[in-house]
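The values are calculated or read from the model by the stated rules, or taken from the named source; none is laboratory data. Just so you know, these numbers come straight off a predicted model, no measurement behind them. Here the Cβ positions follow ideal geometry from the backbone for every residue, glycine too, while neighbour counts run over all protein chains shown.
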Amino acid sequence: MALHNELGNKAEAMAEKFLLEKNYLILDRNYVFGKGEIDIIAQKENWLFFVEVRARTETNHGFPEQTISKSKAGLIIKTAENYIFQKGWRGNVRFDIIAITIGPPFEILHFEDAFF
C-alpha cells in the first residue's frame with residue numbers, strides 16, 4: 001500500500017473516532033458515485049453530514065484543509081446529491097472538513113459548513 005493511502009486510511013479512522021466521540025452516527029465510509037467519493041457520511045439528529053478528511057504529516061507547505069479544490073468540492077456535492085436521492089433523505093445537510101496534522105504537533109480540526 002502506498003504511503004499516501006496509508007496516511008489517508010489512518011486519518012479517516014481518526015476522523016471517524018473523533019465524530020463518534022461527539023455522538024455522530026457513522027452511516028457510510030468511502031461512498032463512491034461516478035468519479036466522486038465521500039470519506040465519511042454521518043448523521044446527528046435531523047442532520048446529514050458529508051465529511052471530507054484531509055491529512056498532512058506537517059504544515060510547512062500549507063494546511064490540510066487548504067487542499068480541497070473547487071472541482072473536488074463540486075464532485076463531493078454531486079456525490080452527496082446522489083446519496084441524498086438514493087436514500088430519500090429529507091433532513092438538513094452540511095458539508096464538513098476534518099483536517100488532521102499528524103505532526104508533531106498532532107492536531108485535528110473540524111470545519112463545519114466548510115463548502116456548499
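Residues that are at pLDDT 95 or above and under 18 Å from ILE84 (Cβ atoms) within region 14-34 comprise TYR24, LEU25, ILE26, LEU27, ASP28, ARG29, ASN30, TYR31, VAL32, PHE33, listed in sequence order. Screening ALA55 with (1) over 14 Å from ALA99 (Cβ atoms); (2) surrounded by 19 or more Cβ atoms within 10 Å (Cβ to Cβ) gives one miss only, at (1). The single condition from (1) modelled with pLDDT of 95 or more; (2) under 16 Å from ALA15 (Cα atoms); (3) of a type in the set (Gly, Ala, Ser) that ALA55 fails is (1). Look at region 1-27: where a residue is under 11 Å from ILE100 (Cα atoms) and basic (Lys, Arg), no partner that is at pLDDT 95 or above and surrounded by 10 or more Cβ atoms within 10 Å (Cβ to Cβ) sits 6+ places away or on another chain with Cβ atoms under 7 Å. Within region 99-111, the presence of at least one residue that is in contact with a helix residue (DSSP H, G or I) (Cβ under 9 Å, 6 or more places away or on another chain), among the aromatic types (Phe, Trp, Tyr) and assigned to a strand (DSSP E or B) is confirmed. For region 9-31, the tally of residues that are among the aliphatic types (A, V, I, L, M), within 19 Å of GLU112 (Cβ to Cβ) and part of a helix (DSSP H, G or I) stands at 5.
Yes or no: PHE115 over 17 Å from ASN9 (Cβ atoms), of a type in the set (Phe, Trp, Tyr) and in a loop (DSSP other than H, G, I, E, B)? Considered against the rule, which asks whether it is over 17 Å from ASN9 (Cβ atoms), of a type in the set (Phe, Trp, Tyr) and in a loop (DSSP other than H, G, I, E, B), PHE115 comes out as yes. Just to be sure before I move on: is GLU37 exposed (fewer than 12 other Cβ atoms within 10 Å of the Cβ) and without any contact (Cβ under 8 Å) to a residue 60 or more places away in the chain in the structure I sent? It is false that GLU37 is exposed (fewer than 12 other Cβ atoms within 10 Å of the Cβ) and without any contact (Cβ under 8 Å) to a residue 60 or more places away in the chain.
Which one of these is assigned to a helix (DSSP H, G or I), in contact (Cβ under 8 Å) with a residue 12 or more places away in the chain and among the hydrophobic types (A, V, I, L, M, F, W, C): LEU48, LEU75? Even if it seems obvious, please write down each step before you answer.
On the way: LEU48 fails: assigned to a helix (DSSP H, G or I).
Going through LEU48, LEU75 in turn, the sole match is LEU75.
Tell me, yes or no, whether region 69-81 has at least one residue that is out of contact with any strand residue (DSSP E or B) (no Cβ under 6 Å at 6 or more places or on another chain), surrounded by fewer than 12 Cβ atoms within 10 Å (Cβ to Cβ), at pLDDT below 95 and not small (Gly, Ala, Ser). Within region 69-81, one or more residues are out of contact with any strand residue (DSSP E or B) (no Cβ under 6 Å at 6 or more places or on another chain), surrounded by fewer than 12 Cβ atoms within 10 Å (Cβ to Cβ), at pLDDT below 95 and not small (Gly, Ala, Ser).
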